[in-house]
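Single-structure report; data block below.
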Amino acid sequence: METRRSYHTVEKEEIVSTERVQEIVEHAVKYVPSAFNSQSARVLVLFGKEHDTFWEKTTDILKEVVGDGDFSSSQARMDGFKGGYGTVLFFEDQSVVEGLQESFALYADNFPVWSEQSSGMLQFAIWTGLELEGLGASLQHYNPLVDEMVATTWDIPNTWKLRAQMPFGKPAQIPGEKEFQSLESRVKIAK
């Protein structure tokens, strides 16, 4: 946890095999907990041309949103992500969440929240797993702008809700020092 950082510029150099990345992702998807063991997490891992396609199409969508405005800083960020080895797309299957809401009406309002909590744990588990292999990653949120593009490009079921994108690759820069607020202001202990 201490060494995990956000790397916004990553490179394509294969320092870990695609098979090892798949193992990390599958292990996390299998073992990260979920409320009522719902296992609502869904993941798409993009490598090579597919990874490039995601960031090219995302860039095009963002350019449309910005219009005639200055896109240079956004372009640099998109180039930093596209420069990577791959991207993990995180989804939550809403049919699972809705099924639990119907089956356990007393907790219906909580299932979407619990689904998001489980998704966050999965994102963190995969992020730290990639970091342990020497890969840099960051967590991005271009949804809902890219939702339709992702669904049509990779034939994603309409019940899968995109939650986050994680470009990863060989770190191309060293993040700055991380600052911390005092633990006394963030943690209370009652004995």
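The values are calculated or read from the model by the stated rules, or taken from the named source; none is laboratory data. Quick caveat: nothing in here was measured; it's all calculated off a predicted structure. All Cβ positions, even for glycine, are placed from backbone atoms using ideal geometry, and neighbour counts span all protein chains on display. These area figures cover heavy atoms from the full protein model, side chains too; ligands, DNA and RNA do not enter into them. Shrake-Rupley method; radii C 1.70, N 1.55, O 1.52, S 1.80 Å.
One table, with the values for the structure above:
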item	result
Residue list for the range 133-146, filter: open to solvent by 30 Å² or more (accessible area, probe 1.4 Å) and under 19 Å from V21 (Cβ atoms)	E133, G134, L139
Q181 being polar (S, T, N, Q), within 24 Å of V10 (Cα to Cα) and either assigned to a loop (DSSP other than H, G, I, E, B) or open to solvent by less than 30 Å² (accessible area, probe 1.4 Å) (or both)	no
Sole residue being in contact (Cβ under 8 Å) with a residue 12 or more places away in the chain and in contact with a Phe, Trp or Tyr (Cβ under 6 Å, 6 or more places away or on another chain), chosen from G129, G136	G136
Single unsatisfied condition, G176 versus (1) within 25 Å of A35 (Cβ to Cβ); (2) surrounded by fewer than 17 Cβ atoms within 10 Å (Cβ to Cβ)	(1)
Where F54 falls short, out of the listed (1) in a loop (DSSP other than H, G, I, E, B); (2) touching a Ser or Thr at 6+ places or on another chain (Cβ under 7 Å); (3) not β-branched (V, I, T)	(1)
Filter result (without any contact (Cβ under 8 Å) to a residue 60 or more places away in the chain, assigned to a loop (DSSP other than H, G, I, E, B) and small (G, A, S)) within the range 80-123	A108
Filtered residue count, the range 75-101, keeping only those that are closer than 17 Å to T53 by Cα and open to solvent by 30 Å² or more (accessible area, probe 1.4 Å)	5
Tally, over the range 60-73, of residues that are modelled with pLDDT under 95 and open to solvent by less than 50 Å² (accessible area, probe 1.4 Å)	3
When residues of the range 147-171 are limited to those that are of a type in the set (V, I, T) and open to solvent by 10 Å² or more (accessible area, probe 1.4 Å), the one nearest to G83 (Cα to Cα)	T153
Near pairs, Cβ below 6 angstrom, 6+ apart or cross-chain, from the range 23-45 (among the charged types (D, E, K, R)) to any residue that is not in a helix (DSSP H, G or I)	R42/F91; R42/D93; R42/W160
Residues of the range 1-59 that turn out to be open to solvent by less than 90 Å² (accessible area, probe 1.4 Å), modelled with pLDDT of 95 or more, among the charged types (D, E, K, R) and in contact with a strand residue (DSSP E or B) (Cβ under 8 Å, 6 or more places away or on another chain), as a count	2
